[in-house]
Amino acid sequence: MMESPFNILRTLHDEHFATMALLEKLETTLSGARTAPANDDPDMNRLLGDLEAILDEEISHHYAFEEQHLFPLFAEFGDMGITQMLKGEHEIIRPLARELSERARTGRKDGFNPESWEIFREKGLELVEREVFHIQKEEMGFLPALDQMIDEETDQTLSMAYQDIKNAS
Ligand SMILES: [Fe+2]
Ligand SMILES: [Fe+2]
């Protein structure tokens, strides 16, 4: 999406971008590693830690904000079908992300065995596919449309609401 004058849209865009970058890294790693990594592999453990952080952030803050504030706003102005679709995708991705974050945590702590690694790979690649597609939709249609709907005052209100969500947890 193009550079928006609104803080809240730039924040969401930056978060999408950071998530995409990590998911790309995850996809490359998972595609290349068919066997379980060593317990003390520092690159893998860093990736797992980053993954946990971004999944926990993406689930608890970003999705919550979109659902509580942006979807209702968008539905007022625009097409309800779009927000229902995006919300439906959240509902599929959220439990998947939660499970993956849990598996990443366990893997970092205790390592993977061939079976747990295979499950992690499979779920990880599924998450990459679903979340990348979801972000692309929001970047191409949703955020640009919001850019046309809001004004400076709404931007401020939304930015504060998002800050509250982040501070609350
Ligand atoms: Fe979303
Ligand atoms: Fe989003």
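Restricting the first member to the range 114-139 and to residues that are in contact (Cβ under 8 Å) with a residue 60 or more places away in the chain and within 19 Å of residue 95 (Cα to Cα), and the second to residues that are of a type in the set (S, T, N, Q) and within 16 Å of ligand 1 (Cβ to nearest atom), the beta-carbon pairs closer than 8 Å and six or more apart or on different chains are 131/19; 135/19. Can you find a residue in the range 102-124 that is more than 13 Å from ligand 2 (Cβ to nearest atom), exposed (fewer than 15 other Cβ atoms within 10 Å of the Cβ), of a type outside the set (Gly, Ala, Ser) and closer than 20 Å to residue 161 by Cβ? No, there is no match, as no residue in the range 102-124 is more than 13 Å from ligand 2 (Cβ to nearest atom), exposed (fewer than 15 other Cβ atoms within 10 Å of the Cβ), of a type outside the set (Gly, Ala, Ser) and closer than 20 Å to residue 161 by Cβ. Just one of the listed residues (36, 53) is closer than 26 Å to residue 10 by Cα and either away from ligand 1 (no atom under 16 Å from the Cβ) or surrounded by fewer than 19 Cβ atoms within 10 Å (Cβ to Cβ) (or both), and it is 53.
If you go through the range 73-128 and keep only what is aliphatic (A, V, I, L, M) and within 19 Å of residue 58 (Cα to Cα), you end up with 85, 86, 92, 93, 96, 97, 100, 104, 125, 127, 128. For the range 9-26, the condition holds for no residue, the condition being that it is in contact with a Leu (Cβ under 8 Å, 6 or more places away or on another chain), of a type in the set (S, T, N, Q) and either in a helix (DSSP H, G or I) or within 16 Å of ligand 1 (Cβ to nearest atom) (or both).
Anything in the range 125-141 that is within 15 Å of the chain's Cα centre (by Cα) and within 13 Å of ligand 2 (Cβ to nearest atom)? List them, or say none.
Going through the range 125-141, the residues within 15 Å of the chain's Cα centre (by Cα) turn out to be 125-139.
Those that are within 15 Å of the chain's Cα centre (by Cα) and within 13 Å of ligand 2 (Cβ to nearest atom): 130, 131, 132, 133, 134, 135, 136, 137, 138, 139.
For residues that are exposed (fewer than 14 other Cβ atoms within 10 Å of the Cβ) and away from ligand 1 (no atom under 11 Å from the Cβ), scanning just the range 68-90, find the one that is modelled with the lowest pLDDT. So the residue we want is 79.
Only residues that are hydrophobic (A, V, I, L, M, F, W, C), within 21 Å of residue 98 (Cα to Cα), surrounded by fewer than 17 Cβ atoms within 10 Å (Cβ to Cβ) and touching a helix residue (DSSP H, G or I) at 6+ places or on another chain (Cβ under 9 Å) were counted in the range 1-33, giving 3. Applying a threshold of 9 Å to beta carbon distances and a minimum spacing of six or more residues, or different chains, the list of pairs starting in the range 68-95 at a residue that is within 23 Å of residue 163 (Cα to Cα) and ending at one that is of a type in the set (Gly, Ala, Ser) reads 68/161; 69/161; 74/145; 83/75.
The values are calculated or read from the model by the stated rules, or taken from the named source; none is laboratory data. The structure presented is a predicted model; accordingly, all values stated were derived computationally and were not measured. Methodologically, a virtual Cβ is constructed for each residue, glycine included, from the backbone with ideal geometry; neighbour enumeration extends over all protein chains shown.
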